[in-house]
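The values are calculated or read from the model by the stated rules, or taken from the named source; none is laboratory data. This structure is a prediction, so every number in the text was calculated from the model and none was measured. In this analysis, Cβ positions are derived from the backbone assuming ideal geometry, glycine residues included, and neighbour counts consider all displayed protein chains. Areas reflect the complete protein model, heavy atoms only, side chains present, ligands, DNA and RNA absent. Shrake-Rupley method; radii C 1.70, N 1.55, O 1.52, S 1.80 Å.
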Amino acid sequence: TQSTWGAKKSWRVHQSKVKLVVQLLNAHGISKDGAGLTTDNLLRKAIVPGLQHTHNEVRAAAAELAARVARCEGKDTVMQHLNRAGMAKAVLTTVEQAMEADTGAPPAAASGDLPFDERPVGPSANATAVEEPEELQEDEEDFTLCQFCGKQDPTWTEQMLDSHYEDHCPWLTCCEKCEQVVEIPFMSDHAAMDCEASEPPSGDPPEGPAKACALCGADVGEGRPLDWRNHLLEGSGCPRNPRPLR
């Protein structure tokens, strides 16, 4: 069975990217002109993806970045965004601990107007280059937390986490046509753009999470991560989900 949660890219690449954003934030501060290092850009494009990573070092770097943003914009602003993004309770606890440990002064306000993805990251960024992390040690890998449903089990190994993804995670399901493991909120996206066994769509393909559950047909509000988390992971979960909540 092939999965669509992505090939396992080097965690060090992701960690370096997040640390570089921390350095840019320290050097330039948060932008107040609607572009560049805005609070929304930092949360959506760096912090949330970092906190969803499977490796603990990447999550730790993202939690540090969240703490720096909270130092400027307030803890409530950051935590409200993470709650709306449907972050697991274990991840929120990690962020709160990073906030408690972060006692430095707020960075100066940013004056640049470059978009977040186009802000220079070389020597002209006036930030210290990110040092290459040490070589990965086997015991540094963290396979005890599911990035999708938030379940945590200290006994999990890499194989056990993969088994959870393949057969048990209530956020994921198996496409009946191509047998790939996909996120339930993005089943329509998968069928339109990724599924090799489905017919190409006649119109514009859907974009982003759906607003109705492909399994049971129930309305899922605005289709936000929190809406989907409530439908799939709260109470008894989706009534048609073949992977029951445990």
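Answer with yes or no whether residue 196 is among the charged types (D, E, K, R), modelled with pLDDT under 80, open to solvent by 30 Å² or more (accessible area, probe 1.4 Å) and more than 20 Å from the chain's Cα centre (by Cα). So residue 196 passes the test. Between 98, 60, 70, 66, the distinction of being at pLDDT below 90 and part of a helix (DSSP H, G or I) belongs to 60 only.
When only residues in the stretch 161-171 that are acidic (Asp, Glu) and modelled with pLDDT of 85 or more count, which is most open to solvent (accessible area, probe 1.4 Å)? Within the stretch 161-171, the match that is most open to solvent (accessible area, probe 1.4 Å) is 167. Working only within the stretch 73-93, note down all residues that are in a helix (DSSP H, G or I) and more than 14 Å from the chain's Cα centre (by Cα). 73, 75, 76, 77, 78, 79, 80, 93 - these are the residues of the stretch 73-93 that are in a helix (DSSP H, G or I) and more than 14 Å from the chain's Cα centre (by Cα).
Scanning the stretch 63-92 for residues that are among the small types (Gly, Ala, Ser), in contact (Cβ under 8 Å) with a residue 24 or more places away in the chain and under 19 Å from residue 31 (Cα atoms) returns 66, 67, 70. Scan the stretch 211-227 residue by residue and report those that are of a type in the set (A, V, I, L, M) and under 22 Å from residue 82 (Cβ atoms). 220, 226 - these are the residues of the stretch 211-227 that are of a type in the set (A, V, I, L, M) and under 22 Å from residue 82 (Cβ atoms). Screening the stretch 175-193 for residues that are open to solvent by 60 Å² or more (accessible area, probe 1.4 Å) and either within 21 Å of the chain's Cα centre (by Cα) or not basic (Lys, Arg) (or both) and picking the one that is modelled with the highest pLDDT gives 176. Just one of the listed residues (59, 44) is open to solvent by 20 Å² or more (accessible area, probe 1.4 Å), within 18 Å of residue 224 (Cα to Cα) and among the charged types (D, E, K, R), namely 44.
Quick grid of which residues meet (1) at pLDDT 80 or above; (2) over 30 Å from residue 25 (Cβ atoms); (3) open to solvent by 40 Å² or more (accessible area, probe 1.4 Å); (4) among the basic types (Lys, Arg):
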position	(1), (2), (3), (4)
140	no, no, yes, no
154	yes, yes, yes, no
173	yes, yes, no, no
208	no, no, no, no
221	yes, yes, no, no
234	yes, yes, yes, no
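Here is the figure for the stretch 223-232: residues that are touching a residue at least 24 places away in the same chain (Cβ under 8 Å) and buried (at least 18 other Cβ atoms within 10 Å of the Cβ) total 3.
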